[in-house]
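Peer 1: This structure is in structure tokens; I'll ask about it shortly.
Quick note: the coordinates plus some simple rules give every number you see, no bench work behind them. As the structure is a computational prediction, the values presented were derived from the model and not from experiment. Every residue, glycine among them, receives a Cβ derived from its backbone with ideal geometry; neighbour counts consider all protein chains shown.
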Amino acid sequence: MPKVLLLSLLTLLSSISGAEEFLSWHYSYQDALAEARATKKPLIVEFRCAPCINGREFDAQVLYTKPNSHRGKLLKQFVRARITTMTGVDIAHFDRDWHNSLYYFIINANEDIYMRYGGRDEASATTYLNLDSLELALSLGLKEHEKFLAGSRPSPPRPRRRTPANHPLVKKNVISTGRCTECHLIADYTAQEKQLAGTLDPISDLYQSPDIQSIGLHLDIPKGLLLKNTSSAAKQAGLLPGDTITAINQQSVLTFGDLQYYYNKVPRSAEAITLTVHRNQQSYTLTLTLPDEWWKTDLSFRHWSLETQLYFKAQSLTTEEKVRLKLPPEGFASKITHIDFEAFLSRNHQLKVGDIITAVDGRYSDPRTSDLKAHIQLCHSAGKTRQLTLIRDQSTLTLPLLTGRKAFRKATENLIAPDQSEVHWSQPESITKGKQVAASYRACIANQHLIIEVKHQPSWHTYAMDNPARAIATRGFVVDQDLPTTIHLPNSLNTSGPWLQSPPHNYSNPSINWLTWGFEGTSYFAIKLLSTPQADTQIRISSQACNKDSCAAANALALKVPPPNATQTNLMISLILESLIPVAK
């Protein structure tokens, strides 16, 4: 036998022999699910973006686990699946922060999610990946599965199935080209689709997964959700080293992945959260007051196409410096400390080191942030020109800034033309209490529906269209209650079917026989159209907005709704419509 062939055979036999030393994994999700159904075992599902270097070492340590190790004995009690492309995966069910290239779910054969394992911070993709904490998660997952088998863990509701192929930009730019459907591509193109739909909320859609350390939660990472130390807001709330976090806002959490996922769900207007901890064999629920800009993180590792590129760095002025320059103390005035070389090549601006930017498009402050870059990110789309007011050599100037877009392994342009899928909304109109905005309304026509959006300021809420009907259904007769939302349409608008609305919250106070339902945050109303108008349509909204201290009302608030621009069904509008329920009669 030739020496080269003999060496090749020995290498092959060695690799086969070596492979037997490690646990096997399914690379087909459906095959893994079938085995779980047959064996009644739980599943651990690893989602791994194979081309990404982040998490590669941890992935290998888990993948090549020896069966007789402690971790191996735990993993043998699971059906194991390793999925290396997201094509075909139900991303609505396996929802997460898609800027993690390695992530695990522990589930059962019904696909109920017991827990998430994974997550990262802005410093590193592996800060919270730890083999000891993974083994702890596996043990907790087995306990959750015992509850399921005993019938004490009911299946939660599941969202409607949605795969990457349901996202037009992902399908056209990734799947149809034969590329691997990487997690960060799902994130980026979804954000672009939201921008086309006019529903992008940068403060939550771009600034995802706020850092728990910024509120003083410092985990003993190998021990899961055990607190190693507390500081700032967490310390002030009464959390102590040695506490184990068990819930956030009454939502049970078992891992850092769970905690980060549900912390990310907290509205960015929230002023506090509750954390439940286990301490000395007892459970305590503590209220943690969120600091200003608790949601803000460094976006650099995300490589968003929608992240506005400024081509300079700036340092915020101190309060004393702002006062001395007669600028708003709460403003975002900043001194330029560095000019990117690209600005000279592309002529994006004519700024100089030492310039003090005081305003953007005439705006000097932002109630959400005192950071100049964050303000521009929240308020201004990438690729647009903005006018900067600045101080240079004791003179006030106005200079243009042409912002840019970032490209990272994806096309920088939307390949679905804006005139086919972009949704045009009306200008917003607001309910006010004095100078304070309580809620703002806007409307659009898309997907053969008229859609009205209402955004509530923190602590304010408005009321359901079917408040009277809900009260009668509850009590059997009409009771005193808050004014329902009423939407008046012109006779020229032909509609079909009932009004739809977001599921309302129950704000009733039965002790005084006060029954009322309404909305907070962002909510929607919609009605199907038999035909679409070709010109602007004026609708009127009557509504009442209240907080715990007072109320404000708007009678016949007028919105001029532009005719539909999109000729294709818009996915994000479809998801809004799917979330609505019929208004009771």
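Peer 1: How would the stretch 420-527 be classified by its alpha-carbon gyration tensor: rounded, prolate or oblate, with rounded meaning a/c under 1.5 and the a/b versus b/c comparison settling the rest?
Peer 2: oblate
Peer 1: Can you give the local net charge around K548? Use residues other than it whose beta-carbon is closer than 14 angstrom to its beta-carbon, Lys and Arg +1, Asp and Glu -1.
Peer 2: My count for the surroundings of K548 gives -3.
Peer 1: Just to confirm my understanding: which cysteines in the chain have no other cysteine beta carbon less than 4.7 Å from their beta carbon?
Peer 2: When partners are defined as cysteine Cβ atoms under 4.7 Å apart, the chain leaves C180, C183, C379, C444 without one.
Peer 1: log10 I(q)/I(0), Debye, Cα-only the stretch 459-585, no solvent, q = 0.13, 0.14, 0.17, 0.22 Å⁻¹?
Peer 2: Result of the Debye calculation: -0.61, -0.70, -0.99, -1.43.
Peer 1: Do the alpha carbons of any pairs in K194/K265; K76/K143; K194/K406; K194/K560; K335/K384; K147/K296 sit beyond 26 Å of each other, and which pairs?
Peer 2: Where the Cα-Cα span goes over 26 Å, the pairs concerned are K147/K296.
Peer 1: Let me ask something additional. Nearest 10 degrees, 0 to 90: what angle lies between the long axis of helix 3-19 and the longest principal axis of the chain (Cα atoms)?
Peer 2: Helix 3-19 sits at roughly 60 degrees to that axis.
Peer 1: Considering the zone a paramagnetic label at Q394 would reach in this model (a point 7 Å from Cα along the Cα-to-Cβ line), which residues of the stretch 313-353 have amide N under 20 Å from it?
Peer 2: From the stretch 313-353, the list is 321-327, 335-336, 352-353.
Peer 1: In deg cm²/dmol, rounded to 500, what helix-only [θ] at 222 nm does the chain give when every DSSP H run of at least 4 residues adds -39500 (n - 2.57) and the total is split over its residues?
Peer 2: -7000 deg cm²/dmol
Peer 1: What is the Rg over Rh value, at two decimals, for the stretch 293-363, using alpha-carbon atoms and the Kirkwood definition of Rh?
Peer 2: 1.00
Peer 1: Compute the angle between helix 131-149 and the longest alpha-carbon principal axis of the chain, please, reported from 0 to 90 degrees and rounded to the nearest 10.
Peer 2: Orientation of helix 131-149: about 80 degrees from the principal axis.
Peer 1: Please report the orientation-averaged projected area of the stretch 309-465, defined via the convex hull of its C-alpha atoms, in nm².
Peer 2: Result: a mean projected hull area of 13.2 nm².
Peer 1: Projected onto the charge dipole of the chain (+1 at Lys/Arg Cβ, -1 at Asp/Glu Cβ, origin at the Cα centre), which of A34, P202, L500 gives the Cα projection farthest towards the positive end?
Peer 2: So the residue we want is A34.
Peer 1: If you don't mind, there's one more thing I want to ask. Hand me the trypsin sites (Lys or Arg not before Pro) from the stretch 241-331 located in a DSSP loop with no more than 14 other Cβ atoms within 10 Å, in residue order please.
Peer 2: Passing sites in the stretch 241-331 are K265, K326.
Peer 1: Expected output is a single nm value to one decimal: the length gained when fully extending between F301 and H424, i.e. 0.36 nm times separation in residues minus the C-alpha distance. What is it?
Peer 2: My answer for the length gained is 41.2 nm.
Peer 1: By the gyration tensor of its Cα atoms, with a ≥ b ≥ c the square roots of the eigenvalues, what is the shape of the stretch 361-400: rounded for a/c under 1.5, prolate for a/b over b/c, or oblate?
Peer 2: oblate
Peer 1: Something else about it: Give the share of C-alpha pairs in each 5 angstrom bin for the stretch 152-199, from 0 to the last occupied bin, in whole percents, shortest bins first.
Peer 2: 5, 19, 24, 18, 12, 8, 7, 5, 2, 0
Peer 1: Hey, got the dipole for the stretch 296-379? About the Cα centre, +1 on K and R Cβ, -1 on D and E Cβ, debye to the nearest 20?
Peer 2: 120
Peer 1: Quick check on the stretch 511-585: take the gyration tensor over C-alpha atoms, sort the square-rooted eigenvalues as a ≥ b ≥ c, and tell me if it's rounded (a/c under 1.5), prolate or oblate.
Peer 2: Prolate.
Peer 1: With +1 on the Cβ of every Lys and Arg and -1 on the Cβ of every Asp and Glu, and nothing else charged, how large is the dipole of the chain about its Cα centre, in debye rounded to the nearest 20?
Peer 2: Computed about the Cα centre, the dipole is about 500 debye.
Peer 1: Given contacts defined as C-alpha pairs under 8 Å and at least six residues apart, what's the relative contact order of the stretch 287-425, whole-number percent?
Peer 2: Here the relative contact order equals 27 percent.
Peer 1: Also, quick follow-up: Cα-Cα pairs above 19 Å in the stretch 39-97: how many percent?
Peer 2: In whole percent, the long-distance tail amounts to 40.
Peer 1: Right, next: Multiply the residue separation of A469 and H338 by 0.36 nm, subtract the distance between their alpha-carbon atoms, and state the gained length in nm to one decimal.
Peer 2: Here the segment from A469 to H338 would lengthen by 41.0 nm.
Peer 1: In vacuum, with every alpha carbon of the chain counted as one equal point scatterer, what does the Debye formula give for log10 I(q)/I(0) at q = 0.07, 0.08, 0.11 Å⁻¹? Two decimals, please.
Peer 2: -0.52, -0.69, -1.27
Peer 1: Give me D for the stretch 195-315 in µm² s⁻¹, whole number, from Stokes-Einstein with Rh from the Kirkwood sum over alpha-carbon pairs, 4 °C and 1.567 mPa s.
Peer 2: This corresponds to a translational diffusion coefficient of 83 µm²/s.
Peer 1: Filter the trypsin sites (Lys or Arg not before Pro) in the stretch 515-581 to those in DSSP coil with at most 13 other Cβ atoms within 10 Å of their Cβ, and list the result.
Peer 2: Those that pass, being in a loop and sparsely packed, are K548.
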